[in-house]
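What follows is a short report on a single structure.
The values are calculated or read from the model by the stated rules, or taken from the named source; none is laboratory data. These figures come from a predicted structure and were not determined experimentally. Please note: Cβ atoms are built from the backbone with ideal geometry, for glycine as well, and neighbour counts cover all protein chains shown. SASA here: full protein model, heavy atoms, side chains in, ligands and nucleic acids out. Shrake-Rupley method; radii C 1.70, N 1.55, O 1.52, S 1.80 Å.
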Amino acid sequence: MTDEIVARVEAFVADFHQSWERYGRPPTGSSFDPADYERWVRELSVLIDVHGVPGGSTGAEGVMSSSPAHGPALERITTVEVDGDEATVRSIIDVGILPTYYEYRLVRRGSEWRIGQILSFLDPPGSLLVDDAEAARLLAGSTEEAPLSDIDPGLELDLPALFSAGRQVVFFEEPATIEVTELGEITCHLGALTVRDFGYGDSDLEPLGRRVPAGSYPVEVATVGRTNVAVRVRLSELPPVSWHPATRTNGSHVVGVDYGNVAILDLASLVRCDAQHVEELFEAQAQRLSNAPGTVFSLNGETNDAAMVTSGYGDGGYPCYWGVAADGTLAALVVDFLVLVEAKVSTITVPWRSGPASAPELSGCDLAITDDGGSFTVEYRGRNIDKIRVLAPNGVVLVDGYRLGLSVTGDWHRQTWRPAAPPPSGSVLEVTMDNGYRHT
(Lines give C-alpha, C1' and ligand atoms only; values in the text may rest on other atoms or scores of the structure.)
Protein backbone atom coordinates (compact mmCIF):
# COMPACT_ATOMS: atom_id res chain seq x y z
CA MET A 1 0.00 0.00 0.00
CA THR A 2 2.79 2.40 0.91
CA ASP A 3 4.45 1.72 -2.44
CA GLU A 4 1.26 2.80 -4.24
CA ILE A 5 1.12 6.04 -2.24
CA VAL A 6 4.76 6.88 -2.89
CA ALA A 7 4.34 6.03 -6.57
CA ARG A 8 1.45 8.49 -6.85
CA VAL A 9 3.45 11.33 -5.33
CA GLU A 10 6.55 10.56 -7.39
CA ALA A 11 4.48 10.45 -10.58
CA PHE A 12 2.93 13.83 -9.74
CA VAL A 13 6.36 15.34 -9.05
CA ALA A 14 7.72 14.08 -12.38
CA ASP A 15 4.70 15.25 -14.36
CA PHE A 16 4.69 18.65 -12.62
CA HIS A 17 8.32 19.19 -13.56
CA GLN A 18 7.66 18.32 -17.19
CA SER A 19 4.70 20.72 -17.25
CA TRP A 20 6.84 23.46 -15.74
CA GLU A 21 9.55 22.85 -18.34
CA ARG A 22 6.96 23.45 -21.06
CA TYR A 23 5.05 26.47 -19.78
CA GLY A 24 5.78 27.21 -16.12
CA ARG A 25 8.62 29.73 -16.49
CA PRO A 26 7.67 33.42 -16.36
CA PRO A 27 8.09 35.17 -19.71
CA THR A 28 10.68 37.85 -20.25
CA GLY A 29 9.69 41.31 -21.39
CA SER A 30 10.72 40.55 -24.97
CA SER A 31 9.03 37.16 -25.20
CA PHE A 32 5.73 37.70 -23.40
CA ASP A 33 2.88 35.74 -24.87
CA PRO A 34 -0.38 35.81 -22.86
CA ALA A 35 -1.19 32.41 -24.30
CA ASP A 36 1.73 30.91 -22.35
CA TYR A 37 -0.03 31.61 -19.05
CA GLU A 38 -3.22 30.00 -20.32
CA ARG A 39 -1.22 26.94 -21.38
CA TRP A 40 0.29 26.75 -17.88
CA VAL A 41 -3.18 26.90 -16.32
CA ARG A 42 -4.30 24.05 -18.57
CA GLU A 43 -1.21 22.02 -17.67
CA LEU A 44 -2.03 22.35 -13.96
CA SER A 45 -5.64 21.38 -14.61
CA VAL A 46 -4.47 18.21 -16.37
CA LEU A 47 -2.24 17.39 -13.38
CA ILE A 48 -5.28 17.52 -11.11
CA ASP A 49 -7.29 15.33 -13.50
CA VAL A 50 -4.51 12.74 -13.57
CA HIS A 51 -3.33 12.79 -9.95
CA GLY A 52 -5.81 14.71 -7.80
CA VAL A 53 -9.40 14.82 -6.66
CA PRO A 54 -12.09 16.98 -8.31
CA GLY A 55 -11.76 20.60 -7.22
CA GLY A 56 -8.20 20.10 -5.98
CA SER A 57 -5.17 22.25 -6.71
CA THR A 58 -1.42 21.90 -7.09
CA GLY A 59 -0.66 25.01 -5.04
CA ALA A 60 0.98 26.62 -8.07
CA GLU A 61 -2.18 28.05 -9.61
CA GLY A 62 -1.73 31.66 -10.68
CA VAL A 63 2.06 31.49 -10.36
CA MET A 64 4.77 31.17 -13.00
CA SER A 65 8.16 30.66 -11.34
CA SER A 66 11.76 30.82 -12.45
CA SER A 67 12.45 27.58 -10.58
CA PRO A 68 10.12 24.57 -10.34
CA ALA A 69 8.10 23.94 -7.20
CA HIS A 70 8.61 20.17 -7.70
CA GLY A 71 11.13 18.01 -9.53
CA PRO A 72 12.44 14.42 -9.28
CA ALA A 73 16.04 15.60 -8.98
CA LEU A 74 15.14 18.17 -6.30
CA GLU A 75 12.48 16.65 -4.05
CA ARG A 76 13.05 13.90 -1.50
CA ILE A 77 10.25 12.02 0.30
CA THR A 78 10.94 11.82 4.04
CA THR A 79 7.92 10.14 5.66
CA VAL A 80 4.71 8.31 4.75
CA GLU A 81 1.81 7.88 7.18
CA VAL A 82 -1.35 5.89 6.43
CA ASP A 83 -4.59 6.08 8.40
CA GLY A 84 -7.30 3.98 6.77
CA ASP A 85 -8.32 5.66 3.52
CA GLU A 86 -6.16 8.71 4.16
CA ALA A 87 -2.40 9.15 3.91
CA THR A 88 0.19 11.89 4.45
CA VAL A 89 3.44 12.08 2.53
CA ARG A 90 6.08 14.60 3.56
CA SER A 91 8.96 15.71 1.36
CA ILE A 92 11.69 18.32 1.25
CA ILE A 93 13.48 20.38 -1.38
CA ASP A 94 16.76 21.32 0.24
CA VAL A 95 18.18 23.49 -2.52
CA GLY A 96 19.17 27.13 -2.18
CA ILE A 97 19.20 29.29 0.92
CA LEU A 98 16.01 28.00 2.55
CA PRO A 99 14.54 24.49 2.28
CA THR A 100 10.89 23.98 1.35
CA TYR A 101 8.84 21.34 3.13
CA TYR A 102 5.83 19.75 1.44
CA GLU A 103 2.94 17.78 2.82
CA TYR A 104 0.78 15.73 0.42
CA ARG A 105 -2.58 14.65 1.78
CA LEU A 106 -3.97 11.70 -0.15
CA VAL A 107 -7.30 9.88 -0.10
CA ARG A 108 -8.26 6.47 -1.47
CA ARG A 109 -10.78 6.64 -4.29
CA GLY A 110 -11.87 3.16 -5.26
CA SER A 111 -8.75 1.16 -6.04
CA GLU A 112 -6.29 4.06 -6.30
CA TRP A 113 -4.81 6.81 -4.21
CA ARG A 114 -5.39 10.44 -5.26
CA ILE A 115 -3.83 13.69 -4.02
CA GLY A 116 -6.38 15.78 -2.17
CA GLN A 117 -4.21 18.68 -1.00
CA ILE A 118 -0.60 19.86 -1.28
CA LEU A 119 0.78 22.19 1.38
CA SER A 120 4.17 23.91 1.42
CA PHE A 121 6.01 25.21 4.47
CA LEU A 122 9.15 27.12 5.34
CA ASP A 123 9.60 25.37 8.69
CA PRO A 124 10.24 21.66 9.28
CA PRO A 125 7.48 19.44 10.71
CA GLY A 126 7.09 19.66 14.48
CA SER A 127 9.02 22.91 14.97
CA LEU A 128 7.37 25.32 17.39
CA LEU A 129 6.54 28.85 16.30
CA VAL A 130 8.71 30.11 19.19
CA ASP A 131 10.64 28.30 21.90
CA ASP A 132 9.53 28.20 25.53
CA ALA A 133 11.83 31.00 26.64
CA GLU A 134 10.60 33.37 23.93
CA ALA A 135 6.98 32.45 24.66
CA ALA A 136 7.49 33.29 28.33
CA ARG A 137 9.15 36.59 27.45
CA LEU A 138 6.33 37.62 25.14
CA LEU A 139 3.59 36.76 27.63
CA ALA A 140 5.38 38.50 30.50
CA GLY A 141 5.52 41.73 28.51
CA SER A 142 1.75 42.23 28.66
CA THR A 143 0.43 43.39 32.05
CA GLU A 144 -2.79 44.71 33.57
CA GLU A 145 -0.93 47.79 34.83
CA ALA A 146 0.61 48.91 31.54
CA PRO A 147 0.09 52.68 31.24
CA LEU A 148 -2.13 54.25 28.60
CA SER A 149 -0.83 57.25 26.69
CA ASP A 150 -2.80 60.12 25.17
CA ILE A 151 -3.95 60.42 21.57
CA ASP A 152 -1.93 62.70 19.31
CA PRO A 153 -3.57 66.16 19.56
CA GLY A 154 -3.67 66.40 15.76
CA LEU A 155 -6.17 63.54 15.52
CA GLU A 156 -9.93 64.11 15.53
CA LEU A 157 -11.16 60.59 16.16
CA ASP A 158 -14.74 59.40 16.05
CA LEU A 159 -14.18 55.65 16.30
CA PRO A 160 -17.74 54.78 17.45
CA ALA A 161 -19.08 56.41 14.26
CA LEU A 162 -17.16 53.83 12.22
CA PHE A 163 -19.48 51.18 13.69
CA SER A 164 -22.71 53.13 13.30
CA ALA A 165 -24.60 50.67 11.09
CA GLY A 166 -26.70 52.40 8.46
CA ARG A 167 -24.84 55.70 8.67
CA GLN A 168 -24.53 57.41 5.31
CA VAL A 169 -20.99 58.34 4.26
CA VAL A 170 -19.15 59.39 1.11
CA PHE A 171 -16.93 56.67 -0.35
CA PHE A 172 -14.95 57.41 -3.53
CA GLU A 173 -17.13 60.51 -3.99
CA GLU A 174 -20.31 58.38 -3.98
CA PRO A 175 -22.91 57.93 -1.23
CA ALA A 176 -22.49 54.69 0.72
CA THR A 177 -23.75 53.02 3.89
CA ILE A 178 -21.78 51.55 6.78
CA GLU A 179 -22.53 47.88 7.41
CA VAL A 180 -21.49 46.12 10.62
CA THR A 181 -21.01 42.35 10.74
CA GLU A 182 -20.51 40.39 13.94
CA LEU A 183 -17.99 37.67 13.17
CA GLY A 184 -18.40 35.76 16.44
CA GLU A 185 -16.59 35.58 19.75
CA ILE A 186 -12.92 34.98 20.44
CA THR A 187 -11.54 33.71 23.74
CA CYS A 188 -8.52 35.25 25.42
CA HIS A 189 -7.18 32.75 27.93
CA LEU A 190 -4.64 34.83 29.88
CA GLY A 191 -5.54 38.32 28.69
CA ALA A 192 -2.56 38.87 26.37
CA LEU A 193 -3.54 39.82 22.82
CA THR A 194 -1.37 40.42 19.79
CA VAL A 195 -2.55 42.34 16.72
CA ARG A 196 -0.54 41.62 13.57
CA ASP A 197 -0.46 40.52 9.97
CA PHE A 198 -1.08 36.78 10.30
CA GLY A 199 1.16 36.12 7.31
CA TYR A 200 4.28 37.14 9.26
CA GLY A 201 4.88 33.66 10.73
CA ASP A 202 7.17 33.92 13.75
CA SER A 203 7.90 37.64 13.23
CA ASP A 204 6.21 40.64 14.86
CA LEU A 205 4.66 38.69 17.75
CA GLU A 206 4.92 41.45 20.38
CA PRO A 207 1.64 41.69 22.34
CA LEU A 208 -0.41 44.70 23.33
CA GLY A 209 1.13 46.13 26.48
CA ARG A 210 -2.18 46.26 28.39
CA ARG A 211 -3.83 42.93 29.19
CA VAL A 212 -7.58 42.45 28.99
CA PRO A 213 -9.54 40.35 31.49
CA ALA A 214 -9.52 36.70 30.48
CA GLY A 215 -12.79 35.81 28.76
CA SER A 216 -14.67 35.66 25.47
CA TYR A 217 -15.49 38.76 23.48
CA PRO A 218 -17.50 39.54 20.31
CA VAL A 219 -15.63 40.79 17.25
CA GLU A 220 -17.24 43.13 14.71
CA VAL A 221 -16.06 44.45 11.38
CA ALA A 222 -17.42 47.65 9.79
CA THR A 223 -17.59 47.74 6.00
CA VAL A 224 -18.35 50.29 3.29
CA GLY A 225 -18.71 49.15 -0.31
CA ARG A 226 -17.05 45.76 0.41
CA THR A 227 -14.05 47.54 1.94
CA ASN A 228 -13.35 47.06 5.64
CA VAL A 229 -13.31 50.32 7.56
CA ALA A 230 -12.36 49.01 11.02
CA VAL A 231 -12.46 45.95 13.25
CA ARG A 232 -13.55 46.05 16.89
CA VAL A 233 -13.40 43.73 19.89
CA ARG A 234 -16.16 44.64 22.35
CA LEU A 235 -14.63 44.09 25.79
CA SER A 236 -17.70 45.26 27.74
CA GLU A 237 -21.13 46.77 27.22
CA LEU A 238 -19.98 50.06 28.74
CA PRO A 239 -19.50 52.89 26.23
CA PRO A 240 -15.96 54.22 25.85
CA VAL A 241 -15.52 57.78 27.12
CA SER A 242 -11.87 58.14 26.08
CA TRP A 243 -9.50 56.64 23.54
CA HIS A 244 -5.83 55.78 23.87
CA PRO A 245 -3.22 54.21 21.58
CA ALA A 246 -3.21 50.43 22.06
CA THR A 247 0.56 50.26 22.22
CA ARG A 248 2.37 46.99 21.79
CA THR A 249 5.40 46.09 23.90
CA ASN A 250 7.65 47.18 21.02
CA GLY A 251 6.41 50.76 21.57
CA SER A 252 4.19 51.10 18.49
CA HIS A 253 0.42 51.14 18.19
CA VAL A 254 0.55 50.82 14.38
CA VAL A 255 0.16 47.38 12.77
CA GLY A 256 2.35 46.84 9.72
CA VAL A 257 0.66 44.86 6.93
CA ASP A 258 2.22 43.15 3.91
CA TYR A 259 -0.29 40.33 3.27
CA GLY A 260 -3.53 42.34 3.21
CA ASN A 261 -4.88 41.27 6.61
CA VAL A 262 -4.97 42.12 10.30
CA ALA A 263 -5.43 39.37 12.89
CA ILE A 264 -6.32 39.71 16.57
CA LEU A 265 -4.90 36.67 18.34
CA ASP A 266 -4.78 35.14 21.79
CA LEU A 267 -1.04 35.12 22.42
CA ALA A 268 -1.14 32.26 24.94
CA SER A 269 -2.58 29.97 22.26
CA LEU A 270 -0.41 31.29 19.44
CA VAL A 271 2.93 30.66 21.15
CA ARG A 272 2.01 26.99 21.69
CA CYS A 273 1.43 26.39 17.97
CA ASP A 274 3.66 24.55 15.53
CA ALA A 275 5.08 26.82 12.84
CA GLN A 276 3.59 24.67 10.06
CA HIS A 277 0.19 24.78 11.74
CA VAL A 278 0.28 28.60 11.72
CA GLU A 279 1.25 28.65 8.03
CA GLU A 280 -1.62 26.31 7.19
CA LEU A 281 -4.07 28.35 9.25
CA PHE A 282 -3.03 31.54 7.47
CA GLU A 283 -3.59 30.01 4.04
CA ALA A 284 -6.97 28.59 5.07
CA GLN A 285 -8.23 31.84 6.58
CA ALA A 286 -6.93 33.87 3.63
CA GLN A 287 -9.08 31.69 1.39
CA ARG A 288 -12.11 32.38 3.58
CA LEU A 289 -11.47 36.12 3.34
CA SER A 290 -11.92 35.97 -0.43
CA ASN A 291 -15.67 35.69 0.21
CA ALA A 292 -16.09 37.41 3.58
CA PRO A 293 -14.90 40.58 5.35
CA GLY A 294 -13.55 38.57 8.26
CA THR A 295 -13.42 35.26 10.07
CA VAL A 296 -13.00 33.85 13.57
CA PHE A 297 -11.17 30.57 14.07
CA SER A 298 -9.30 28.41 16.54
CA LEU A 299 -5.54 28.40 16.96
CA ASN A 300 -5.54 25.39 19.24
CA GLY A 301 -8.43 23.39 17.81
CA GLU A 302 -10.59 23.87 20.90
CA THR A 303 -12.20 27.32 21.06
CA ASN A 304 -12.20 30.28 18.70
CA ASP A 305 -9.35 32.44 19.92
CA ALA A 306 -8.44 34.39 16.78
CA ALA A 307 -10.02 36.78 14.29
CA MET A 308 -8.70 37.83 10.89
CA VAL A 309 -10.04 40.50 8.54
CA THR A 310 -8.99 42.09 5.28
CA SER A 311 -7.15 45.34 6.01
CA GLY A 312 -8.95 48.22 4.35
CA TYR A 313 -7.29 49.05 1.05
CA GLY A 314 -4.59 46.42 1.65
CA ASP A 315 -0.99 46.74 2.81
CA GLY A 316 0.15 49.64 4.97
CA GLY A 317 0.18 50.64 8.62
CA TYR A 318 -2.98 50.80 10.73
CA PRO A 319 -3.40 52.25 14.25
CA CYS A 320 -4.94 50.38 17.21
CA TYR A 321 -6.86 52.10 19.98
CA TRP A 322 -8.22 51.19 23.40
CA GLY A 323 -11.64 52.52 24.31
CA VAL A 324 -11.83 53.16 28.06
CA ALA A 325 -15.09 53.32 30.00
CA ALA A 326 -15.94 55.89 32.68
CA ASP A 327 -14.91 53.47 35.44
CA GLY A 328 -11.43 53.11 33.95
CA THR A 329 -11.91 49.62 32.51
CA LEU A 330 -11.17 48.64 28.94
CA ALA A 331 -14.36 48.72 26.87
CA ALA A 332 -13.14 48.16 23.30
CA LEU A 333 -10.17 47.49 21.07
CA VAL A 334 -10.35 49.05 17.58
CA VAL A 335 -8.07 48.80 14.56
CA ASP A 336 -8.76 51.71 12.20
CA PHE A 337 -8.05 51.03 8.49
CA LEU A 338 -7.99 54.76 7.70
CA VAL A 339 -10.67 54.48 5.03
CA LEU A 340 -13.13 57.10 6.32
CA VAL A 341 -10.56 59.79 7.11
CA GLU A 342 -9.70 63.23 5.86
CA ALA A 343 -6.12 64.44 6.10
CA LYS A 344 -5.41 67.63 8.04
CA VAL A 345 -2.64 69.56 6.32
CA SER A 346 -1.21 73.05 6.46
CA THR A 347 1.17 74.88 4.15
CA ILE A 348 4.03 77.07 5.34
CA THR A 349 6.37 79.17 3.18
CA VAL A 350 9.79 80.36 4.28
CA PRO A 351 12.40 82.33 2.33
CA TRP A 352 14.71 80.18 0.22
CA ARG A 353 18.15 80.62 1.75
CA SER A 354 20.90 78.50 3.19
CA GLY A 355 20.71 77.66 6.88
CA PRO A 356 17.91 76.79 9.33
CA ALA A 357 14.34 77.66 8.35
CA SER A 358 12.68 79.89 10.90
CA ALA A 359 8.93 79.43 11.37
CA PRO A 360 6.98 78.53 14.53
CA GLU A 361 5.09 75.80 12.65
CA LEU A 362 8.38 74.04 11.85
CA SER A 363 9.59 73.88 15.44
CA GLY A 364 10.82 70.40 16.18
CA CYS A 365 11.50 69.63 12.52
CA ASP A 366 15.00 71.26 12.49
CA LEU A 367 14.53 72.02 8.80
CA ALA A 368 17.59 73.48 7.12
CA ILE A 369 18.89 74.14 3.58
CA THR A 370 22.50 73.43 2.68
CA ASP A 371 24.13 74.87 -0.46
CA ASP A 372 26.96 72.66 -1.70
CA GLY A 373 28.25 74.48 -4.76
CA GLY A 374 24.85 74.79 -6.45
CA SER A 375 23.52 71.47 -5.17
CA PHE A 376 20.93 72.05 -2.46
CA THR A 377 19.98 69.62 0.31
CA VAL A 378 16.82 70.11 2.36
CA GLU A 379 17.12 68.24 5.65
CA TYR A 380 14.47 67.80 8.31
CA ARG A 381 13.57 65.65 11.28
CA GLY A 382 10.42 63.63 12.00
CA ARG A 383 7.51 62.58 9.83
CA ASN A 384 5.23 65.61 10.00
CA ILE A 385 6.47 67.06 6.70
CA ASP A 386 4.45 65.60 3.84
CA LYS A 387 6.17 67.34 0.91
CA ILE A 388 8.30 70.29 -0.12
CA ARG A 389 8.35 72.53 -3.18
CA VAL A 390 10.46 75.46 -4.32
CA LEU A 391 8.56 78.39 -5.85
CA ALA A 392 9.90 81.31 -7.85
CA PRO A 393 8.82 84.84 -6.85
CA ASN A 394 6.06 84.72 -9.48
CA GLY A 395 4.71 81.43 -8.07
CA VAL A 396 6.14 79.16 -10.75
CA VAL A 397 7.08 75.76 -9.31
CA LEU A 398 10.83 75.29 -9.72
CA VAL A 399 10.87 71.81 -8.19
CA ASP A 400 8.36 69.45 -6.59
CA GLY A 401 9.87 67.34 -3.83
CA TYR A 402 7.97 64.28 -5.07
CA ARG A 403 10.38 64.28 -8.03
CA LEU A 404 13.41 64.22 -5.74
CA GLY A 405 14.99 61.21 -4.12
CA LEU A 406 14.51 60.77 -0.37
CA SER A 407 17.23 59.56 1.99
CA VAL A 408 16.17 58.52 5.51
CA THR A 409 18.60 57.86 8.35
CA GLY A 410 16.90 57.25 11.66
CA ASP A 411 14.62 60.25 12.16
CA TRP A 412 16.39 62.43 9.58
CA HIS A 413 15.08 62.98 6.04
CA ARG A 414 17.16 64.45 3.22
CA GLN A 415 16.21 65.54 -0.29
CA THR A 416 18.79 66.91 -2.72
CA TRP A 417 18.04 69.27 -5.62
CA ARG A 418 20.54 69.93 -8.40
CA PRO A 419 19.08 72.79 -10.48
CA ALA A 420 20.62 74.02 -13.69
CA ALA A 421 20.68 77.51 -12.14
CA PRO A 422 20.21 78.74 -8.55
CA PRO A 423 16.68 79.86 -7.60
CA PRO A 424 16.18 83.59 -8.24
CA SER A 425 16.18 86.02 -5.35
CA GLY A 426 12.84 86.04 -3.56
CA SER A 427 12.13 82.32 -4.10
CA VAL A 428 10.47 80.44 -1.26
CA LEU A 429 10.44 76.95 0.17
CA GLU A 430 6.86 75.69 0.49
CA VAL A 431 6.39 73.02 3.16
CA THR A 432 3.20 70.96 3.45
CA MET A 433 2.72 69.67 6.99
CA ASP A 434 0.80 66.55 7.96
CA ASN A 435 -1.22 67.58 11.02
CA GLY A 436 -3.09 64.32 11.50
CA TYR A 437 -6.56 63.41 10.27
CA ARG A 438 -10.21 63.50 11.16
CA HIS A 439 -12.87 60.86 10.67
CA THR A 440 -15.56 61.62 8.12
*Round to the nearest 0.05 the FRET efficiency obtained for E156 and S111 when R0 = 51 Å and r is the Cβ-Cβ distance.*
0.15
_Mean-position separation - Cα centroids, the stretch 75-130 and the stretch 312-338, in angstrom_ = 40
_Considering only protein heavy atoms and a probe of 1.4 Å, how much of the accessible area of the chain is carbon and sulfur, as a whole percent?_
50
_Highest-first arrangement of 294-300, 37-43, where packing means the average Cβ count within 10 Å_ = 294-300, 37-43
*Along the charge dipole of the stretch 245-292, which of S252, A284, I264 sits closest to the positive end, that is, farthest toward it, with unit charges on the beta carbon of Lys, Arg, Asp and Glu (+1, +1, -1, -1)?*
S252
*Quick one: what are the phi-derived ³J(HN,Hα) couplings along the stretch 125-131, Karplus 6.51/-1.76/1.60 with θ = phi - 60°, whole Hz, x for glycine and proline?*
x, x, 7, 6, 4, 9, 7
_Per-residue HN-Hα couplings for the stretch 204-212 [Karplus 6.51, -1.76, 1.60; θ = phi - 60°; Hz; x = Gly/Pro]_ = 6, 8, 3, x, 5, x, 8, 7, 9
*Student exercise, the chain dipole from Lys, Arg, Asp, Glu Cβ charges, in Debye to nearest 20*: 1120
*asked:* I need to check one value: relative contact order of the stretch 100-250, counting alpha carbon pairs closer than 8 Å and at least 6 residues apart, in percent.
replied: 23
*asked:* Tell me the relative contact order for the chain as a rounded percent, counting alpha carbon contacts under 8 Å between residues six or more apart.
replied: 12
*Per-residue HN-Hα couplings for the stretch 245-255, Karplus 6.51 cos²θ - 1.76 cosθ + 1.60 at θ = phi - 60°, whole Hz, x for Gly and Pro?*
x, 8, 7, 7, 5, 8, x, 10, 10, 9, 8
*Can you pull the one-decimal nm distance between simple spin-label points at T181 and Q18, each 7 Å off the Cα toward Cβ?*
4.4
*Distance in nm between label sites at S164 and R353, each 7 Å beyond Cα in the beta-carbon direction?*
5.0
*Rank A140, V233, G405 by how far each Cα sits towards the positive end of the charge dipole of the chain (+1 on Lys, Arg Cβ; -1 on Asp, Glu Cβ) and give me just the farthest.*
G405
*Solvent-accessible area per residue for the chain at a 1.4 Å probe radius, Å²?*
49
*For I385, which sequence-distant residues (separation of 5 or more, or a different chain) have an amide H within less than 5 Å of its own amide H, given hydrogens modelled in the peptide plane?*
D434
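So if I place +1 on the C-beta of Lys and Arg and -1 on the C-beta of Asp and Glu, and nothing else carries charge, what would the dipole magnitude of the stretch 317-438 be about its Cα centre? I want it in debye, nearest 20. List each step's numbers first, then the result.
On the way: 10 positive and 13 negative charges, 62 e Å.
Rounded to the nearest 20 debye, it is 300 debye.
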_At most 10 other Cβ within 10 Å, DSSP loop - GluC sites (Glu not before Pro), the stretch 138-178_ = E144, E145, E173
*Points 7 angstrom from Cα along the Cβ direction at Y313 and R42: gap in nanometres?*
4.0
*Which cross-chain or sequence-distant (5 or more) residues have an amide H under 5 Å from the amide H of E156, H modelled 1.01 Å from N in plane?*
Y437, R438, H439
